[in-house]
Amino acid sequence: MKLRKRIVPAALALSVLSAGLVTIGEPLNADAASNKAVVAAENEQVAKITNIKPLNTMTLQITFNQPLAAADVDLNHLDAIKKHFMFNGDLEIVNVPRLMTGSKSTYIVPTTFQEDDFIYTLSYKEQRNKVFEGTDEKVYVRNVEQVTNDTFTLESFQEDGVVDYANIIEAYRAGRGDLAFSLDGHNRDASGKRFDVISSLRDRYVTVRTSEGEEFVANYVPFTQAADGRQAPQFRLPAGKVLKPGVTYRVHAQWAEIDVKSFVAKEIAPFTLQSAKAMDEKSFELQLRNDPQSDLLAGRSVALKGSDGSTLQAQYRYSSRKGAVGIFDLTNGGTLKANVSYTVIPLNNWATATNLVLQGK
């Protein structure tokens, strides 16, 4: 592009000079210099990618020249953050970047599935493209296990060189206790053992085929991938479907290499609800007859039929279970009325309840 110089009429130029004033070109140049300084300062504040390493088909490890701003890793801003990462090839991130424990600016970044050997470009916040080669490498999962009549887990183990990202990121470190540790730049722990990383399973799924010829998708149950000290994320059948005793189920995943991928379904009795106690007008505690020993309440809902004819719905508060008690929150702006009693009805038959009543508070 050719630059055009500003032409000052001769008479105006002469008038300015004769008056002893500064030339018109000086303030223009000062403004331009000031604008350039502002742009340069803004550019310095924006983190820049220095390295991209694909760890597996759904996980990138990205290093920046400085830590990302708090707003750029805030889950509440996920939709905006997705727009910061512009890939070719229809690739996109599925959850916020998570800083690795012990690192200043290296992040675990979950993505949709990459294609092997595909040359991807990534522009962060409209900066110059960075290039990396995609991979179809999968995470090793040892086995599949049925846990309820509509839910199963995919379990992996650190002794096999697989770690859930919850154990190696700074955001969760304080709550992970002895499970938390750090990896070096080559993803090795203090003993030199190398790990593959299971990144966020948000929006992930697996495909299930049965010995009867049926096929369907089972979706990940949020907040279960690193619960109760295990790496055993839960996957649930579509609403209304159950695992039929005696039928063989074979599980396939685009992101996991499952060693023992088949199981024969067995009869597992639903939970029994024992009591319900209001905490406030928006939430209540629901107690099971037996402690499930793991967070099998995740994703569960109940209906509440009021003595006044009203109907409410409540959903389990993720990670709230303590022993046999879990907290449920009313949805869609519903509230419990103090003078109303509510009959608790589990939805989709995950539990049974006989004349279980919740008194409003």
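The values are calculated or read from the model by the stated rules, or taken from the named source; none is laboratory data. In this text the structure is predicted, and so the values were computed from the model without any measurement. All Cβ positions, glycine included, derive from the backbone under ideal geometry; neighbour counts span all protein chains shown. Side chains included, ligands, DNA and RNA excluded: accessible areas come from the protein's heavy atoms. Shrake-Rupley method; radii C 1.70, N 1.55, O 1.52, S 1.80 Å.
Do we find a residue being within 25 Å of the chain's Cα centre (by Cα) and not in a strand (DSSP E or B) anywhere in region 255-265?
yes
I need the full set of residues from region 222-243 which are under 19 Å from Tyr172 (Cα atoms) and touching a residue at least 60 places away in the same chain (Cβ under 8 Å), in order please.
Pro222, Phe223, Thr224, Gln225, Ala226, Ala227, Asp228, Arg230, Gln231, Ala232, Pro233
Residues to consider are Lys53, Lys83; find the one that is open to solvent by 50 Å² or more (accessible area, probe 1.4 Å), in contact with a strand residue (DSSP E or B) (Cβ under 6 Å, 6 or more places away or on another chain) and either assigned to a helix (DSSP H, G or I) or touching a residue at least 40 places away in the same chain (Cβ under 8 Å) (or both).
Lys53
Using the structure shown, decide if Leu243 is aliphatic (A, V, I, L, M), closer than 22 Å to Thr354 by Cα and either in a strand (DSSP E or B) or in contact with a strand residue (DSSP E or B) (Cβ under 7 Å, 6 or more places away or on another chain) (or both).
The answer is no for Leu243.
Hey, among the residues in region 299-317 that are of a type outside the set (Val, Ile, Thr) and open to solvent by 70 Å² or more (accessible area, probe 1.4 Å), which one's nearest to the chain's Cα centre (by Cα)?
Selected residue: Arg317.
Just name the residue that is farthest from Thr57 (Cα to Cα) out of those in region 128-179 that are among the acidic types (Asp, Glu) and without any contact (Cβ under 8 Å) to a residue 24 or more places away in the chain. Write out each step before concluding.
First pass over region 128-179, keeping only residues among the acidic types (Asp, Glu): 133, 136-137, 145, 150, 155, 159-160, 164, 170, 178.
The next check asks that each one be without any contact (Cβ under 8 Å) to a residue 24 or more places away in the chain; those that pass are 159-160, 178.
Working: Glu159: 21, Asp160: 18, Asp178: 29 Å.
Per the stated criteria, the residue is Asp178.
Kindly evaluate Thr272 against the criterion of being in contact with a Lys or Arg (Cβ under 8 Å, 6 or more places away or on another chain), in contact (Cβ under 8 Å) with a residue 60 or more places away in the chain and of a type outside the set (Asp, Glu). Don't jump to the end; show me each part of the working.
Working: in contact with a Lys or Arg (Cβ under 8 Å, 6 or more places away or on another chain): yes; in contact (Cβ under 8 Å) with a residue 60 or more places away in the chain: yes; of a type outside the set (Asp, Glu): yes.
The answer is yes for Thr272.
So for region 201-212 (the condition being hydroxyl-bearing (Ser, Thr, Tyr) and crowded, with 17+ Cβ neighbours inside 10 Å), does at least one residue qualify?
Checking region 201-212: not a single residue is hydroxyl-bearing (Ser, Thr, Tyr) and crowded, with 17+ Cβ neighbours inside 10 Å.
Which one of Leu17, Leu78 is part of a helix (DSSP H, G or I), modelled with pLDDT of 50 or more and surrounded by 10 or more Cβ atoms within 10 Å (Cβ to Cβ)?
On the way: Leu17 fails: modelled with pLDDT of 50 or more.
None of the others qualify; the one that does is Leu78.
Look at region 122-169 and say how many of its residues are in a strand (DSSP E or B) and either touching a Gly at 6+ places or on another chain (Cβ under 8 Å) or surrounded by 15 or more Cβ atoms within 10 Å (Cβ to Cβ) (or both).
22
Would you confirm whether or not region 172-187 contains a residue that is modelled with pLDDT of 95 or more, under 27 Å from Asn88 (Cα atoms), in contact with a strand residue (DSSP E or B) (Cβ under 9 Å, 6 or more places away or on another chain) and among the hydroxyl-bearing types (Ser, Thr, Tyr)?
No, region 172-187 contains no residue that is modelled with pLDDT of 95 or more, under 27 Å from Asn88 (Cα atoms), in contact with a strand residue (DSSP E or B) (Cβ under 9 Å, 6 or more places away or on another chain) and among the hydroxyl-bearing types (Ser, Thr, Tyr).
Looking at Ala218, is it out of contact with any Phe, Trp or Tyr (no Cβ under 9 Å at 6 or more places or on another chain) and surrounded by 15 or more Cβ atoms within 10 Å (Cβ to Cβ)?
No; evaluated as a whole, the condition is false for this residue.
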